[in-house]
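J.: Quick one: the structure is below, and I'll ask about it shortly.
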Amino acid sequence: MPASHADIATEHASRYLQQLCKHWAHRFPVAFDPDHGEIDLPAGRAVMDADASALHIAVTTQDAGSLERLETVVADHIKRFAFREALDFAWKRDPAA
């Protein structure tokens, strides 16, 4: 499965993880707690882990053509929640992607 991941430096990782999960919970299957979240989207799956210094995101899709779109959708939503700070989303494609 095509996949990529990003490690976003922020002290507010848990907040952004929970905001994104709550935001999409009314439309998609979501499971989360303050440190871990999983969202099943039509384009693929996003898995997030939060620690004191970063938000770690992994996305997977069924087809390579959807991977960039899923990366963009997840990043754009988190950036809206984090409007007070500039976050750097440096997506790294997994070798099989």
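J.: Report the residue count in region 42-54 for those that are of a type outside the set (Gly, Ala, Ser), closer than 14 Å to residue 74 by Cβ and at pLDDT 95 or above.
T.: Summing the residues that are of a type outside the set (Gly, Ala, Ser), closer than 14 Å to residue 74 by Cβ and at pLDDT 95 or above in region 42-54 gives 4.
J.: Taking residue 87 as meeting all but one of (1) part of a strand (DSSP E or B); (2) in contact (Cβ under 8 Å) with a residue 60 or more places away in the chain, write down the number of the exception.
T.: So the condition that residue 87 fails would be (1).
J.: Counting only residues that are in contact with a Phe, Trp or Tyr (Cβ under 7 Å, 6 or more places away or on another chain) and part of a strand (DSSP E or B), which one in region 39-76 is farthest from residue 3 (Cα to Cα)?
T.: Among residues in region 39-76 that are in contact with a Phe, Trp or Tyr (Cβ under 7 Å, 6 or more places away or on another chain) and part of a strand (DSSP E or B), the one farthest from residue 3 (Cα to Cα) is 55.
J.: Further question: Answer yes if at least one residue in region 13-34 is surrounded by fewer than 18 Cβ atoms within 10 Å (Cβ to Cβ), in contact with a Pro (Cβ under 9 Å, 6 or more places away or on another chain) and polar (S, T, N, Q), and no otherwise.
T.: No, the conditions are met nowhere in region 13-34.
J.: In region 39-59, which residues are among the charged types (D, E, K, R) and surrounded by 15 or more Cβ atoms within 10 Å (Cβ to Cβ)?
T.: 45, 49
J.: Looking at region 61-83 only, could you name the residues that are in contact with a strand residue (DSSP E or B) (Cβ under 7 Å, 6 or more places away or on another chain) and crowded, with 19+ Cβ neighbours inside 10 Å?
T.: Across region 61-83, the qualifying residues are 61, 67, 70, 71, 74.
J.: A further question follows. Take residue 86 and tell me if it is under 25 Å from residue 1 (Cβ atoms) and among the small types (Gly, Ala, Ser).
T.: No, not satisfied.
The values are calculated or read from the model by the stated rules, or taken from the named source; none is laboratory data. Just so we're clear, the structure is a prediction, and the values are computed from it rather than from any experiment. No Cβ is skipped: glycine too gets one built from the backbone with ideal geometry, and neighbour counts run over all protein chains shown.
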